[in-house]
Amino acid sequence: MNLLRRLLAPASIPFALLLGGCASSGPALQARSAEPAGAPAPVLRQSLYARNDTGGLGEADLQKILESPIDLVWPARIGVVPLSGAFDAGGSVSLSTRTTAADRLARGLIGTPQFSHVSDVSTDVPNTGGIEGLRVIAARYRLRYLVLYSERFEDESHLNNWAWTYPTLVGMFLVPGVTVQSRGIAQADLLDVRTGTVLFSVVEPMRVSQHQWMVGAERSHRAAEAKAAGEAAERLAKRVASQAELLVAFADRSAAQGVEARRRSLPAAIADR
């Protein structure tokens, strides 16, 4: 019996320490869980993206952006920028695209409650590429937000059933043997100039389909695409205004107590608690 006690005595010491540790950790865990949550992270006040065409972002900065609320200051001055491609400040923009952005989209946004002034913006001023280039342009215009407008079509034109008359040559001038057809999208992105953040994007589909004579078919096709883009831009203007209203409503619902009435912020995409 004495031998059994001597053999079990060393093993009992760690077991007792383990029990004591578990018992003592209970109140500590309860105390830590009872601690109040930390203060909310400050709003993001500057862009953390690389100052080059790539706009790269390190892991630490990426996490900081997701953990930071975004300051919303509305009503504010905005600018409408026509782009040749998504976020490309250096591309050559066609006159048709610039006209659509200025005449249909910008005009459609005038009078929107969240936008105190709407300006047409040209990318012809000296700038670099990418979103950073767009931020530089906005700073020259002293604009808080930019609405980036771009459009893209995919040509699906083809000969239709009337094309069998074309070998006669006369048929080229008498029957509409070409179906000018294309699909496309018109896109508007709201850029927060202060942080380089795209707050939202809205896209409107476009479709063109007409029967045309071979002579002048290309010209008619361009005219049809321009008309479709103009109509899509008008719809985009309404959707941009609607999305802005939804952002404000969401920020108001999420506002922390004690924040100034005129100060709005979007909650962080990732909130550590």
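What is the distance, in nm, between label points placed 7 Å from the Cα along the Cα-to-Cβ direction at A41 and at A249?
If labels sit at A41 and A249, their model points lie 2.7 nm apart.
Specify which residue in the list G58, V73, T100 is farthest towards the positive end of the charge dipole of the stretch 49-104, using unit charges on the beta carbon of Lys, Arg (+1) and Asp, Glu (-1), about the Cα centre.
Checking the options against the dipole of the stretch 49-104, the answer is T100.
Could you tell me the center-to-center distance, by alpha carbons, between the stretch 104-122 and the stretch 143-157 in angstrom?
The stretch 104-122 and the stretch 143-157 have Cα centres separated by 16 Å.
At a Förster radius of 22 Å, what calculated FRET efficiency corresponds to the Cβ-Cβ distance of A269 and V73, to the nearest 0.05? Could you put the intermediate results ahead of the total?
On the way: r = 19 Å, r/R0 = 0.88.
Between A269 and V73 the formula returns 0.70.
What is the spin-label model distance, in nm, from S242 to A86 if the labels are put 7 Å beyond Cα along the C-beta direction?
2.2
Could you state the number of Å between the C-alpha centres of the stretch 216-247 and the stretch 183-210?
If you average the Cα positions of each part, the centres end up 10 Å apart.
Values quoted throughout were computed directly from the atomic coordinates according to the rules given, and no laboratory measurement underlies them. Just so it is clear, the structure is predicted and the values come from calculations on it, not from any experiment. Reconstructed Cβ throughout: ideal geometry from the backbone, glycine too, with neighbour counts over all protein chains shown.
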